[in-house]
1. Roughly to the nearest percent, how much of the accessible area of region 115-178 is carbon and sulfur, given a 1.4 Å probe?
2. Does region 200-262 classify as rounded, prolate or oblate by the C-alpha gyration tensor (a ≥ b ≥ c root eigenvalues; a/c under 1.5 gives rounded; else a/b over b/c gives prolate, otherwise oblate)?
3. Can you send over the solvent-accessible area of Glu391, 1.4 Å probe, protein chains only, in Å² to the nearest 10?
4. With a ≥ b ≥ c taken as the square roots of the eigenvalues of the C-alpha gyration tensor of region 70-199, please select rounded if a/c is under 1.5 and otherwise prolate if a/b is larger than b/c or oblate if it is not?
5. Carbon and sulfur together cover what percent of the accessible area of region 267-328 at a 1.4 Å probe radius?
6. Averaged per residue, what accessible surface does region 254-329 expose to a 1.4 Å probe, in Å²?
7. Stretch His210-Glu303 to full length: gain in nm at 0.36 nm per residue minus the Cα-Cα span?
8. Under the 0.36 nm per residue contour assumption, what length would be gained going from the current alpha-carbon distance of Arg336 and Phe227 to full extension?
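The values are calculated or read from the model by the stated rules, or taken from the named source; none is laboratory data. Source: prediction; values computed, not measured. Note that each Cβ is placed from the backbone with ideal geometry, even for glycine, and that neighbours are counted across all protein chains shown. Heads up: the accessible areas ignore ligands, DNA and RNA and are worked out on the full protein's heavy atoms, side chains in. Shrake-Rupley method; radii C 1.70, N 1.55, O 1.52, S 1.80 Å.
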Amino acid sequence: MNVIKGRRVRGGLLTLAVAMSVAAVTPADTTRRNTAATATVAESTAAESTAAESTAAESTAAESTAATSTTAPSTNAADHTRLRALLRRLTTVDGAPGALVEVRNRHGGSSVLTSGVADVKSHAPIHRDSRFRIGSVTKSFVATVVLQLVGEHRVALDAPVERYLPGVVRGHGNDGRRITVRQLLQHTSGVPDILDYLTPQEILKDPLAHHDTRDLVNIALAHPPTFMPGTGWRYSNTGYLLAGMLIEKVTGHTYGEEIRRRIIAPLGLRETYVPGDAPSIPGPHPRGYVRPGEDAPLVDITEINPSVAGPSGSMISSGTDLNRFLDALVRGRLLRPAQLRQMMNTRPTGNPDGRAYGLGLESRPLPCGGLSWGHTGDVLGYETIGGATVEGRQATAMVNVDPGGSDAQDDDMKAAVQTALCESRS
């Protein structure tokens, strides 16, 4: 699932889960590093795009061709030198089979850069229109729907959760009468995180098993809160499981139906899905891998029932669609001004990089000035980061291993998005 927080927090749980369940999925014949994978850029008008096989004995990966599509004259291959270097690092030092970055500037020009491979057996390169699991970036979609309901006066941000989900948040010190909707969305509720208590074997011993959202909530609520509501900040996937349940209670439709009706359809997001129980990824996509231990072979976990993540991290999308969504969100096309201000009203998370969290949306300072608005997402097999500026620049990065990359993978992913946003200022 979004599995579902910062790499350093979640890694132990997932590594253990994978190690205990490695027999349930098919191992991939690759070594730890794709040392020959490189990121190169070619204009979309070029006649040919090729993928050359690696000659390094250490790696079974092939070099990929990274394509650039330009619809405005302000983007060109020379603009992306540092970004290409970061992509190459992700697929060599950091150990990811493949990586993708899609960047869009304020004039509408877009570029897609890739490195490494989508499949370590066939050595197929990363497709420029790849779909992938986006993990906790799902939270931005869910929060947007809740805030639309706030704008429609069907939900009150500072009302207790008990008003919408009577009797659901109770026991072991958890009390929905004292927790507000705002606190669920901002991770200030103190509700215990499901990932701290979900039995590791349950995630992967049967990857295709259905997981009921209420059952996942009950697993978490069998434990005491991490702090009294409103007195701290701690990432909790349980809060977004509850937010999804709230959407269903208020609208009479599932969170997925509301996301499709309110966001996917109006924005024309043709590569974005709320998959429910469907284990496959529609359209072109890289295989998703986990690495159960240092120097262990990769394990293919592409197909998994996403209900284990539900409204906290189940969605599938693409770089193109995530950039379009984030642009529409931060520039006011999805929310009324009052609700967008609430969403972007952040509080510090204690992260040394200056990250601050709003309502399903986080901000990070950019090295070139200003803020990036977006979210990170980690789910078995994939890591995604999306960011946008209010001036009209967007970037999304993806790698197809999680967990199991290097300790620096998170930092290099964030640096790739920040670099893409700063390079696209013209």
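1. In region 115-178, the share of accessible area belonging to carbon and sulfur is 48 percent.
2. Note, shape of region 200-262 comes out oblate.
3. 100 Å²
4. Here region 70-199 falls in the prolate category.
5. 49 percent
6. That works out to 31 Å² for each residue.
7. 32.2 nm
8. Difference between extended and current length: 36.0 nm.
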